[in-house]
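See structure below.
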């Protein structure tokens with residue numbers, strides 16, 4: 001099997017100032033084409049550490065993907081280091097130079113500095129990857145039987161190079177056998193209970209199929225994976241059908257989709273509409289929905305009714321309901337769901353109200369106490385959830401579980 005290592009470069013990655021999303025995305029794309037990730041390594045802007053990482057990883061893999069350190073400032077040392085590592089000399093690449101000039105003169109409409117011109121320099125021992133989304137070109141090197149790909153750390157630029165140049169190049173150089181994945185999503189059962197439910201199924205799986213549990217936010221994905229020819233495709237599909245039958249009571253979808261994607265598909269299929277009223281989630285549900293392309297066809301909008309006055313004035317929640325039961329109560333959240341549905345004239349209304357912490361809790365309503373309601377022509381349904389984490393995670397859990405509660409009450 002072809003193996004790869006991913007090296008991400010930058011002090012900002014090591015101190016937590018920037019989250020490394022690049023290596024996760026790259027790993028996913030390489031896995032799709034049948035390349036196994038041997039290791040993911042993050043190093044700072046230190047010459048010796050980058051050099052050592054290149055030496056160490058090249059002992060074990062066929063492909064090394066490098067991101068970061070190609071900018072115009074003094075801490076961007078990847079290009080001069082690679083020039084020395086591959087015994088090259090820096091030269092101006094004409095196409096890269098033309099690209100840099102075009103960006104500054106035509107798009108940015110400002111003069112170019114000398115340091116910007118130097119971004120068109122590349123080692124003469126590399127194959128240049130032109131940057132269609134930025135200034136710094138990428139580079140391809142070969143040392144013995146290992147291919148090295150260096151790309152900018154800017155995710156948008158890196159992804160363009162991977163899709164347009166790196167992956168096609170890998171297909172040319174290697175005979176790749178894509179990995180087949182079949183994934184389903186469950187809710188309402190914890191990872192350990194799910195594993196216990198599937199213990200016999202997992203034990204009897206053919207050796208060519210691997211099974212993985214992927215828990216997140218109170219839901220669990222189960223994935224079957226195999227690599228090989230048509231016979232393995234048939235085998236995976238056969239086992240996946242068995243798996244679906246076993247988890248039927250908890251099954252959300254038999255595709256590798258998120259809850260917002262599942263909800264969106266339901267509304268598209270039914271040609272129905274949704275509006276949301278959010279208190280404790282502060283607009284996060286609306287954010288999750290509007291991240292899905294095409295959501296404007298069913299999502300009418302939302303109201304962030306954080307203060308009681310907004311609950312009453314915008315959504316029509318009776319003052320006596322809040323006074324009698326509190327802002328965080330099933331009675332209040334039901335009125336919020338009904339109010340936003342009436343306000344938007346939508347088929348469904350979804351509402352949340354809760355205590356995210358760290359303050360505001362009582363003995364009866366601790367941090368993580370969340371009320372969710374769904375309103376439609378079928379009636380209004382509500383439920384109390386209890387989470388136990390920090391504010392951010394409680395918000396995320398509340399939003400995703402509210403969407404799952406909505407799905408279950410769509411019939």
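The values are calculated or read from the model by the stated rules, or taken from the named source; none is laboratory data. In this text, all values refer to a predicted model and were calculated from it rather than measured experimentally. Virtual Cβ from ideal backbone geometry, glycine too; neighbours counted across all protein chains shown.
Condition first: loosely packed, with under 15 Cβ neighbours inside 10 Å, in contact with a strand residue (DSSP E or B) (Cβ under 6 Å, 6 or more places away or on another chain), in the same structural domain as residue 152 (by TED's automatic domain parsing) and part of a loop (DSSP other than H, G, I, E, B). Can you find one or more residues in region 58-79 that meet it? The answer is yes, given that some residue of region 58-79 is loosely packed, with under 15 Cβ neighbours inside 10 Å, in contact with a strand residue (DSSP E or B) (Cβ under 6 Å, 6 or more places away or on another chain), in the same structural domain as residue 152 (by TED's automatic domain parsing) and part of a loop (DSSP other than H, G, I, E, B). Each residue in region 269-295 was checked for being surrounded by 15 or more Cβ atoms within 10 Å (Cβ to Cβ) and not in a strand (DSSP E or B), and 14 pass.
Evaluate the following for residue 255: is it over 27 Å from residue 212 (Cα atoms) and at pLDDT 95 or above? No, not satisfied. State whether one or more residues within region 242-249 are crowded, with 17+ Cβ neighbours inside 10 Å and not assigned by TED's automatic domain parsing to the domain that holds residue 353. Yes, region 242-249 contains at least one residue that is crowded, with 17+ Cβ neighbours inside 10 Å and not assigned by TED's automatic domain parsing to the domain that holds residue 353. Does residue 410 satisfy the criteria of being under 24 Å from residue 258 (Cβ atoms), touching a helix residue (DSSP H, G or I) at 6+ places or on another chain (Cβ under 9 Å) and either crowded, with 22+ Cβ neighbours inside 10 Å or touching a residue at least 12 places away in the same chain (Cβ under 8 Å) (or both)? It is true that residue 410 is under 24 Å from residue 258 (Cβ atoms), touching a helix residue (DSSP H, G or I) at 6+ places or on another chain (Cβ under 9 Å) and either crowded, with 22+ Cβ neighbours inside 10 Å or touching a residue at least 12 places away in the same chain (Cβ under 8 Å) (or both).
Among the residues making up region 305-318, those that are assigned to a helix (DSSP H, G or I) and either surrounded by fewer than 22 Cβ atoms within 10 Å (Cβ to Cβ) or not assigned by TED's automatic domain parsing to the domain that holds residue 281 (or both) are 308, 309, 310, 312, 313.
Scanning region 258-281 for residues that are farther than 25 Å from residue 315 by Cβ and under 21 Å from the mean Cα position of the chain (by Cα) yields 258, 261, 262, 265. Out of region 80-96, which residues are part of a helix (DSSP H, G or I), touching a residue at least 12 places away in the same chain (Cβ under 8 Å) and closer than 27 Å to residue 13 by Cα? Within region 80-96, 81, 82, 83, 85 qualify.
Any residue that is exposed (fewer than 14 other Cβ atoms within 10 Å of the Cβ), over 28 Å from the mean Cα position of the chain (by Cα), on the phi > 0 side of the Ramachandran plot and modelled with pLDDT under 95 - is there at least one of those in region 99-115? So far as region 99-115 goes, yes, one or more of its residues are exposed (fewer than 14 other Cβ atoms within 10 Å of the Cβ), over 28 Å from the mean Cα position of the chain (by Cα), on the phi > 0 side of the Ramachandran plot and modelled with pLDDT under 95. Once region 333-349 is narrowed to residues that are outside any helix (DSSP H, G or I) and surrounded by fewer than 24 Cβ atoms within 10 Å (Cβ to Cβ), the residue that is farthest from the chain's Cα centre (by Cα) is 345. Tell me, please, whether a residue that is out of contact with any helix residue (DSSP H, G or I) (no Cβ under 9 Å at 6 or more places or on another chain), part of a helix (DSSP H, G or I) and touching a residue at least 40 places away in the same chain (Cβ under 8 Å) can be found in region 319-332. Taking every residue of region 319-332 in turn, at least one turns out to be out of contact with any helix residue (DSSP H, G or I) (no Cβ under 9 Å at 6 or more places or on another chain), part of a helix (DSSP H, G or I) and touching a residue at least 40 places away in the same chain (Cβ under 8 Å). Among the candidates 99, 116, the residue that is under 19 Å from residue 149 (Cβ atoms), touching a helix residue (DSSP H, G or I) at 6+ places or on another chain (Cβ under 8 Å) and either in contact (Cβ under 8 Å) with a residue 40 or more places away in the chain or assigned to a helix (DSSP H, G or I) (or both) is uniquely 99. All of (1) crowded, with 17+ Cβ neighbours inside 10 Å; (2) modelled with pLDDT of 95 or more; (3) not assigned by TED's automatic domain parsing to the domain that holds residue 27 hold for residue 219 with one exception: (2).
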